[in-house]
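Below: the structure, in structure tokens.
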Amino acid sequence: MLLIGLTGGIGSGKSSVAERLAARGAAVIDADAITKELQQPGQLVLAAMVDRFGPGILQADGSLDRQRVAGIVFSDPAALADLNAIVHPAVAFEIVRRTDALAATDGVVILDVPLLVESGRDDQAGLIVVDVDPEVAVERLVAHRGFDADDARARMARQASREERLAKADFVIDNSGTLEDLDAQVDQAWTWIQELRAA
């Protein structure tokens, strides 16, 4: 197994890069997707969140109201710390479980984690950073994901800075252009990954 980290700030287009790497044959372990799975009705993580924040974080069908949770925790550092203490260990455990399941393969495994630089984890063979101007990211989040611009900037402020991510990068994908530009850079990244495998 060749383990490659993939990260980028919110709105950078990291998920688009992960999809393209998967299409080229990589197995992707997606921390955001795991988080959503663990927050489904019937899961222990969701039950613990309801215990801490109350049933008001649930929608009528029993599923998690993510916007309501965001409204609670992003203005309250103690609440955010409590949320992280519930969610992060469970997600980390599941990431380890999925990585271990692929360890004996000779494939490429992409570890897609938004806070990879912040975590200090450094056991990957290389780190791909998806980079975009923060204001472009804000525009995309507002236009395509319904974010409030101030909320988007507040979330960015709690992540590693653009400079911190770039300082850790082994390969940078600039996602400020077109989808064709992105495809070309993912091709280059895939070539770089194959060179790592051959080394």
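The residues in region 75-97 that are of a type outside the set (Gly, Ala, Ser) and either closer than 23 Å to Glu195 by Cβ or over 16 Å from the mean Cα position of the chain (by Cα) (or both) can be counted, and the count is 7.
So in region 150-199, with the set limited to residues that are in contact (Cβ under 8 Å) with a residue 60 or more places away in the chain, of a type in the set (Gly, Ala, Ser) and farther than 16 Å from Val130 by Cα, which one is most open to solvent (accessible area, probe 1.4 Å)? This residue is Ala154. With respect to Leu80, determine if the residue is out of contact with any Phe, Trp or Tyr (no Cβ under 8 Å at 6 or more places or on another chain), under 25 Å from Val45 (Cα atoms) and not charged (D, E, K, R). When the stated conditions are applied, Leu80 does not pass them. The criterion of at least 2 residues that are under 21 Å from Ala160 (Cβ atoms) and open to solvent by less than 20 Å² (accessible area, probe 1.4 Å) is met by the following helices (runs of 4 or more DSSP H) wholly inside region 1-81: 14-23, 31-38, 66-73. Taken as a whole, region 184-192 holds at least one residue that is at pLDDT 90 or above, out of contact with any strand residue (DSSP E or B) (no Cβ under 6 Å at 6 or more places or on another chain), closer than 16 Å to Leu6 by Cα and among the hydroxyl-bearing types (Ser, Thr, Tyr).
One line per residue, one yes/no per condition, for (1) of a type in the set (A, V, I, L, M, F, W, C); (2) within 25 Å of Leu116 (Cβ to Cβ):
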residue	(1), (2)
Ala26	yes, yes
Ala31	yes, yes
Ile34	yes, yes
Gly42	no, no
Leu58	yes, no
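The set of residues from region 98-127 being surrounded by 13 or more Cβ atoms within 10 Å (Cβ to Cβ), among the small types (Gly, Ala, Ser) and within 17 Å of the chain's Cα centre (by Cα) comprises Ser119, Gly126.
The values are calculated or read from the model by the stated rules, or taken from the named source; none is laboratory data. Since we're looking at a predicted model, the values are computed, not measured. Note that we place each Cβ from the backbone using ideal geometry, even for glycine, and neighbour counts take in every protein chain shown. Only protein heavy atoms, including side chains, enter the accessible area calculation; ligands, DNA and RNA are left aside. Shrake-Rupley method; radii C 1.70, N 1.55, O 1.52, S 1.80 Å.
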